[in-house]
Every structure is written in structure tokens, then in C-alpha cells.
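S.K.: To start, I am sharing the structure in question, which I have written as C-alpha cells.
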Amino acid sequence: RLLVSRAVHPEARAILRTTARGLNLEVVEIGLTPAGVTDFEDLASKLGGDTAAAVILQSPNFFGCLEDIAAVEPLAHGAGALLVVSANPLTLGLLEAPGKLGADIVVGDCQPLGIPASLGGPTCGYFAVAESWMRRMPGRIVGQTVDRAGKRGFVLTLQAREQHIRREKATSNICSNQALLALCASVYLSTMGKQGIQDVGKLNVHKAHYAAKRLTASQKLSLPFTGSYFNEFAVKLPDGTNVQELSSKLLQHNIIGGYDLGRDYPELAGHMLIAVTEQRTREEIDAFAAVLEELV
């Protein structure tokens, strides 16, 4: 059984369910608190016994709220489960690394590390484990089958790259494409350095909090969650607001509106998820707030 928080990205949970079905794994979702974070009581009640293989969290989660990873660690490990955390790498310039808080596996998207948004892709991800699990990371997975004559045979079903083939004879270039994106992230990290990553993290926090303060100043909008956040936060729009129509109107002002949370969370209909990164200026934030206040 895999226990995954409902605050994990909906698309990630959908992929997890698809993959788990083929492996005969049961996926159990953990509820949320009114603060927009994982409900520890619900998690504890569903852990029970030794039937859980892993607990999966995202921090900052899909609503932008920071999860208390250190509080989940004893619950997960006490039940014999691994603790898996999906984390925005930019946050790690300011926050304690999930591994230091007891996470066994940490994954995430490297897009924030200098990779253009490019309408959703391509990008690359990172996958890290605690030292005790390093030798368990597969370089390749070999599947067992039988041929037409019924003889036992083996076939490579997953491999890190075409490491057994000379480059000029390889039939795929996907590894090279992913490596270019990983190289882009590496160049960004080396250029920014330790201080630069901390500085860009602070810019994200300060600009997001400025935007939240600016958007709620007129009291037409409010923040539904009380937890800490990095560069994303949810806002509650006035009752009866159609988020799709509002986004269309914002687009007429050359503004891309926030994500309609009601699409994935029916209980959050009329809520919009806003992201404010280091790329946004004070003037852009002020303009967005002014137009949004006018439209709602």
C-alpha cells in the first residue's frame, strides 16, 4: 500500500495510480486539514500495522503550503514505511533538506533551475535517496519472459541509458535530450552558487508574500489557508465567481490567471492558485492586483 497526500500534485497522483495498478499496489489518499496541509491524524489511522510500503508528501504542496516533514517521519518509519518527499529544489536554498528531516527518497522537477517553462516542457527531474538506499537504485530493469518455443528469456525493459551500445550506433537520443536539460540545471546552479540560490529563494518568498498582501488589501479576496508558503498560495474569490470566465478576462489584459483549484478539488471551487517567482516585478504584481480587483 502506498499512502499519498491529497495535497500532492493531482497529475502526479494520477500517474502514481496508473503505475501502481500494473504493479498490484494499492494507493490510499490521505486527507487534508483546513490549513491546506496533510492531516496527520488521518495518516496515522491509515498507516496501521506493517502494510504500508511508503508515505508520499509534497512540500511545498500543490496549494503552496509547507508540510511538516519532521512530524511525519516518526509516523512513517514507525510503521515500517519509507518516507518519500517531492520538493521544489529552489526552496532548498532556504529550508532544511528533506533528507535531514528523515526522508528516504526525495524527488522533484528541475524546471525552476534555469529551465524555460516552454509551455510545459521539456524539463528534467531529480531523484535522490538516503545513503542506505543508494545500491537499490536500478541502473536497468530486466524483464523475464518466454519465447515462441516456450524457452525462458530475458529482455531489457528499463535502462538509464544505452550504455551497452556505441554512441554512433544508438537508436535513441532521448538520453542526450534529457542530459541537455540536466546540463542546463547544472550550469544554473554553478552560476548562481550557494548565495545566489539563497537570494533567489528569498526573492520568491518576499514577492509572493507581497502579492498576497496586495491581492487581499481590498478584502474582496482572502487567503483560505493559514500555513506558511514559499512562492505559491491560494486565494478565495468572491462567491459565485466563475474562475474560467475570470481567466479569460484576465487574458484580455495580457495576464495569465491562476489555476482553478475547483478542477481537482470540488470543495475549493471559486479558489485560484497564484504563483509568483523571482521573474515577476513589483509593477507586474501591482497591475495584476489592480485588474483582478476590478474584475471581481
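The values are calculated or read from the model by the stated rules, or taken from the named source; none is laboratory data. Fair warning: this is a prediction, and the values are worked out from it, not measured in the lab. Neighbour counts are summed over all protein chains in view; Cβ atoms, including those assigned to glycine, are modelled from backbone coordinates with ideal geometry. Ligands, DNA and RNA are stripped out before the accessible areas are found, and what is left, the full protein with its side chains, is counted by its heavy atoms. Shrake-Rupley method; radii C 1.70, N 1.55, O 1.52, S 1.80 Å.
S.K.: May I ask you to list the residues in the stretch 67-77 that are under 18 Å from the mean Cα position of the chain (by Cα) and buried (at least 17 other Cβ atoms within 10 Å of the Cβ)?
M.R.: Hits for the stretch 67-77 are GLU67, ILE69, VAL72.
S.K.: Still on this structure, I have one more. State which residue is nearest to LEU203 (Cα to Cα) when the search covers only the stretch 78-97 and only residues that are open to solvent by 20 Å² or more (accessible area, probe 1.4 Å) and assigned to a strand (DSSP E or B).
M.R.: This residue is SER86.
S.K.: Does LEU75 meet the test of being assigned to a strand (DSSP E or B), in contact (Cβ under 8 Å) with a residue 24 or more places away in the chain and not acidic (Asp, Glu)?
M.R.: Here the answer is no, as LEU75 does not meet what is asked.
S.K.: Continuing with this model, one more query. Would you check which residues across the stretch 35-54 are open to solvent by 70 Å² or more (accessible area, probe 1.4 Å) and without any contact (Cβ under 8 Å) to a residue 24 or more places away in the chain and list them?
M.R.: Residues satisfying the conditions are GLU41, SER45.
S.K.: Which residues, counting only those in the stretch 214-262, are on the phi < 0 side of the Ramachandran plot, free of Cβ contacts under 8 Å to residues at least 12 places away in the same chain and not hydroxyl-bearing (Ser, Thr, Tyr)?
M.R.: ASN242, GLU245, LEU251, GLN252, ILE256
S.K.: Just need a number here: residues in the stretch 1-47 that are among the hydrophobic types (A, V, I, L, M, F, W, C) and in a helix (DSSP H, G or I).
M.R.: Of the residues in the stretch 1-47, 9 are among the hydrophobic types (A, V, I, L, M, F, W, C) and in a helix (DSSP H, G or I).
S.K.: Follow-up. Quick check on my filter: what residues within the stretch 212-246 are in a helix (DSSP H, G or I) and under 26 Å from LEU90 (Cα atoms)?
M.R.: ALA212, LYS213, ARG214, LEU215, listed by residue number.
S.K.: Which of the following residues is farther than 19 Å from PHE230 by Cα and either touching a strand residue (DSSP E or B) at 6+ places or on another chain (Cβ under 7 Å) or open to solvent by less than 40 Å² (accessible area, probe 1.4 Å) (or both): LEU57, LEU23, LEU2?
M.R.: After applying the criteria, what remains is LEU2.
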